[in-house]
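The values are calculated or read from the model by the stated rules, or taken from the named source; none is laboratory data. This is a predicted model, so every value here is computed, not measured. Ideal geometry is used to build each Cβ from the backbone, glycine not excepted, and the neighbour counts take in all protein chains shown. Heavy atoms of the whole protein, side chains included, go into the accessibility calculation; ligands, DNA and RNA do not. Shrake-Rupley method; radii C 1.70, N 1.55, O 1.52, S 1.80 Å.
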Amino acid sequence: MAMRPEVRRHTIVLIAFAMIQWGFMRYILDQELFNLTTYQRILFFCVSSFGGAFLIFGAFIYMVLKGNSPDKT
């Protein structure tokens, strides 16, 4: 069965958003754009990483559950 194009598009958008937000947070932390303590930097990195991973896994689960066209038999 073929994957529906709108499901594929939604999945790609979610994965791209997760990667971009993670990269943006990494840039903020690496360039020290905010005056953060070490504890705050670790916290922001962990929250950003877990949030991005949650979005990616959620996108994959969405793709698996909604990806195939319904059978018309």
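When ligands, DNA and RNA are left out and all protein chains stay put, how many square angstrom of accessible area per residue does the chain have with a 1.4 Å probe? Display every interim value, and only then the final one.
On the way: 5880 Å² over 73 residues.
With the other protein chains kept in place, the chain gives 81 Å² per residue.
Can you pull the one-decimal nm distance between simple spin-label points at residue 44 and residue 4, each 7 Å off the Cα toward Cβ?
About 3.9 nm, to one decimal.
Of all the accessible heavy-atom surface of the chain, with the other protein chains kept in place and a 1.4 Å probe, what percent is carbon and sulfur? If you can, show how the numbers build up before the last one.
Details: 4130 of 5880 Å².
Ligands and nucleic acids excluded, carbon and sulfur give 70 percent.
Any chance you could look up the accessible area of residue 17 with a 1.4 Å probe, heavy atoms only, rounded to 10 Å²?
Per-residue accessible area (residue 17): approximately 120 Å².
Hand me the trypsin sites (Lys or Arg not before Pro) from the stretch 9-73 located in a DSSP loop with no more than 12 other Cβ atoms within 10 Å, in residue order please.
Details: sites: 9, 26, 41, 66, 72; in loops: 72.
Passing both the DSSP loop test and the Cβ count: 72.
Per residue, how big is the convex hull around the C-alpha atoms of the chain? Give it to me in cubic angstrom, could you? All intermediate terms of the calculation are to be shown ahead of the outcome.
Details: hull volume 4.8 nm³, N = 73.
Spread over its residues, the Cα hull of the chain gives 66 Å³ apiece.
Can you figure out the FRET efficiency of residue 68 with residue 20, using R₀ = 30 Å and their beta-carbon distance, to the nearest 0.05? Don't skip to the answer; put the middle values down first.
Values: r = 28 Å, r/R0 = 0.93.
In this case the efficiency is close to 0.60.
Return the sequence-ordered ³J(HN,Hα) values of the stretch 33-44 in whole Hz as given by the Karplus equation 6.51 cos²θ - 1.76 cosθ + 1.60 applied to θ = phi - 60°, using x for Gly and Pro.
So the J values, rounded to whole Hz, are 6, 10, 7, 10, 6, 4, 4, 5, 5, 5, 4, 5.
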